[in-house]
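The values are calculated or read from the model by the stated rules, or taken from the named source; none is laboratory data. Worth saying up front: this structure is predicted, and the values here are computed from it rather than measured. Please note: Cβ atoms are built from the backbone with ideal geometry, for glycine as well, and neighbour counts cover all protein chains shown.
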């Protein structure tokens, strides 16, 4: 089988596609496991270097797999680079709003909001770690919210965890500068308030998984991030995946996927 099959194959249908706002890209897909619940929730944030052409469809396969294993999944769509308002700060505003919308969904669906774990891949890993940092923003700062949705932790898959280093490396043909509006010297705020590396310690447990052969997001980003976060007091574990590249961690048929599921279950969900 093509190891990237999930990028092209239509995923199983969601139980519901639900809006969290009024915009075209303000929606998420909800999938529920069998049983009455309430169910633990995996909040899924897809990757694609924040670009408009990469939507949430490809992570529908892993969401369906997680639902079979007993997890409800809430997979977020959001404005991306190429959409009006996408990039900094609109993309972050969207994922924050979509995450908090779980409180509204729990009024109608059997969701256990005491057992929420964020799962993000690549650029979605960046957004997932950033979601975990929201409680650290002070009144008057951009993105401050008095009571963001609490979460048990983050499972971060090959994440763009350091925007400054990703910009220096020119990852994604320079997409970081496009996302942020420019380099750090000209546009410091996105790198100061939007980069997980600049926001640690998050005060939330994190498990990072990263393939040793990833040539899209180098393993060195996760190594440096884990070292800094741990030094500042975060409970953060790095799981290196020998011989894995960038997409095995979102392929529910790949052997590495079982380690992703194990990481999610490690939060007591």
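Taking the conditions exactly as written (in contact (Cβ under 8 Å) with a residue 24 or more places away in the chain and over 30 Å from residue 174 (Cα atoms)), does residue 13 satisfy them or not? In short, no. So, of the residues in segment 98-144 that are more than 21 Å from residue 32 (Cα to Cα), touching a residue at least 24 places away in the same chain (Cβ under 8 Å) and over 13 Å from the mean Cα position of the chain (by Cα), which turns out to be surrounded by the most Cβ atoms within 10 Å (Cβ to Cβ)? So the residue we want is 134.
Would you call residue 147 surrounded by fewer than 18 Cβ atoms within 10 Å (Cβ to Cβ) and assigned to a helix (DSSP H, G or I)?
Against the criterion (surrounded by fewer than 18 Cβ atoms within 10 Å (Cβ to Cβ) and assigned to a helix (DSSP H, G or I)), residue 147 does not qualify.
Among the residues of segment 152-168, those identified as within 23 Å of residue 244 (Cα to Cα) and in contact with a strand residue (DSSP E or B) (Cβ under 6 Å, 6 or more places away or on another chain) are 154, 155, 156, 157, 158.
Residues in segment 59-98 that are part of a loop (DSSP other than H, G, I, E, B) and either at pLDDT below 95 or closer than 28 Å to residue 184 by Cα (or both): 77, 78, 79, 80, 82, 84, 85, 86, 87, 88, 89.
Of the residues that sit in segment 150-169 and are without any contact (Cβ under 8 Å) to a residue 40 or more places away in the chain and either surrounded by fewer than 14 Cβ atoms within 10 Å (Cβ to Cβ) or assigned to a loop (DSSP other than H, G, I, E, B) (or both), which one is nearest to the chain's Cα centre (by Cα)?
Of everything passing the filter in segment 150-169, 150 is nearest to the chain's Cα centre (by Cα).
Just to be sure before I move on: is residue 223 assigned to a helix (DSSP H, G or I), in contact with a helix residue (DSSP H, G or I) (Cβ under 8 Å, 6 or more places away or on another chain) and either on the phi < 0 side of the Ramachandran plot or surrounded by fewer than 19 Cβ atoms within 10 Å (Cβ to Cβ) (or both) in the structure I sent?
Judged against the criteria, residue 223 is not a match.
Looking across 174, 203, 182, one residue alone is surrounded by fewer than 22 Cβ atoms within 10 Å (Cβ to Cβ) and either touching a strand residue (DSSP E or B) at 6+ places or on another chain (Cβ under 8 Å) or outside any loop (DSSP other than H, G, I, E, B) (or both). It is 174.
Answer with yes or no whether residue 95 is more than 18 Å from residue 250 (Cα to Cα) and touching a strand residue (DSSP E or B) at 6+ places or on another chain (Cβ under 7 Å). Spelling it out, residue 95 is indeed more than 18 Å from residue 250 (Cα to Cα) and touching a strand residue (DSSP E or B) at 6+ places or on another chain (Cβ under 7 Å).
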